[in-house]
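Just so it is clear, none of the values below were taken in a lab; they were calculated from the coordinates. Treat the numbers as computed from the prediction; the structure is a model and nothing was measured. Cβ placement follows ideal geometry from the backbone for every residue including glycine, while neighbour counts extend to all protein chains displayed.
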Amino acid sequence: MDIFEFAKEKEEQAELLYRDLALKSPDEGLHKIFSMLADEEEKHYEVIEAMQAQTDVEIAQTPILDNVIGIFEKIRDSGKKFNFDKSQIKLYQQAEEIEAHARDFYYEKAQEVENPAQKDIFLQLAEQEKNHYMLIDNLVEFVSRPTQWLENAEFYHLEDY
């Protein structure tokens, strides 16, 4: 399997996982976050497909982190209480692992390809996957201890990216 087919398969798997997590989310805000992540993975798939077809492609920068900060603030301000079971935490950790692998894969492929445009796209994809990882990492922290995380969150860990 070539790198493009492999990358498309991984992006498709990530999109499906996020759509599933969105459907299972106990909160509208979490549903929005997972839907945004699924949409981004779908866009990544389209970028990879265009690269594979050797057509000109640009990767759009998305404001997902800014949007997520606002969602977390709404969740905090709502005062809603959350109780996540271990199976849900494991699903979030699985998503975190997928993002880490995608980030590393794109960084690695950027070093392997000779085409400067492809190299640039792979680096941009890696950076977006890095942001996704960081977002999911925060979600793992949130579902592991929602009350403390929301009470202490100043969202500084999201704004740095």
Compute the long axis of helix 28-52 from its Cα atoms, compare it with the longest principal axis of the Cα atoms of the chain, and write down the angle in degrees, 0 to 90, nearest 10. 0
For the chain, with +1 on Lys and Arg beta carbons and -1 on Asp and Glu, the positive-most of Ile121, Gln88, Gln111 along the dipole: Gln88
Note to self, the chain gives a 222 nm [θ] from helices alone (DSSP H runs n ≥ 4, -39500 (n - 2.57) apiece, / all residues, nearest 500) of -27000 deg cm²/dmol
Once you charge only the Cβ atoms, +1 for Lys and Arg and -1 for Asp and Glu, what is the size of the charge dipole of segment 3-159 about its Cα centre, to the nearest 20 debye? 740
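Given a Förster distance of 22 angstrom, what is the FRET efficiency for Lys86 paired with Glu28, based on the Cβ-Cβ distance and rounded to 0.05?
After rounding to 0.05, the efficiency reads 0.45.
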With the alpha-carbon atoms as the only input, what is the per residue convex hull volume for segment 6-56 in Å³? 47
Would you kindly state how much longer the chain becomes between Asp120 and Ser78 on full extension, computed as 0.36 nm times their sequence separation minus their alpha carbon distance, in nm to one decimal? 11.0 nm
By a straight-distance test (C-alpha under 27 Å), which lysines pair with Lys24 as possible cross-link partners, with residues fewer than eight away in the same chain excluded? Lys8, Lys10, Lys32, Lys43, Lys74, Lys80, Lys81, Lys86, Lys90, Lys130
On C-alpha positions alone, give me the angle between the axis of helix 86-112 and the longest principal axis of the chain, in degrees, nearest 10. 30
Reported label for calculated Rg and Dmax of the Cα atoms in Å given [x] 14.4, 42; [y] 16.3, 52; [z] 16.4, 54: [y]
Sort segment 56-121 into rounded, prolate or oblate with this rule: let a ≥ b ≥ c be the square roots of the eigenvalues of the Cα gyration tensor; rounded if a/c is under 1.5, and if a/c is not under 1.5, prolate when a/b is larger than b/c, oblate otherwise. oblate
Per the 1/(1 + (r/R0)^6) rule, R0 = 30 Å and r from the Cβ atoms of Ser144 and Phe6, FRET efficiency to 0.05 is 0.45
Report, to the nearest 10°, how far helix 64-78 tilts away from the longest principal axis of the Cα atoms in the chain, using its own Cα long axis and a range of 0 to 90°. 10
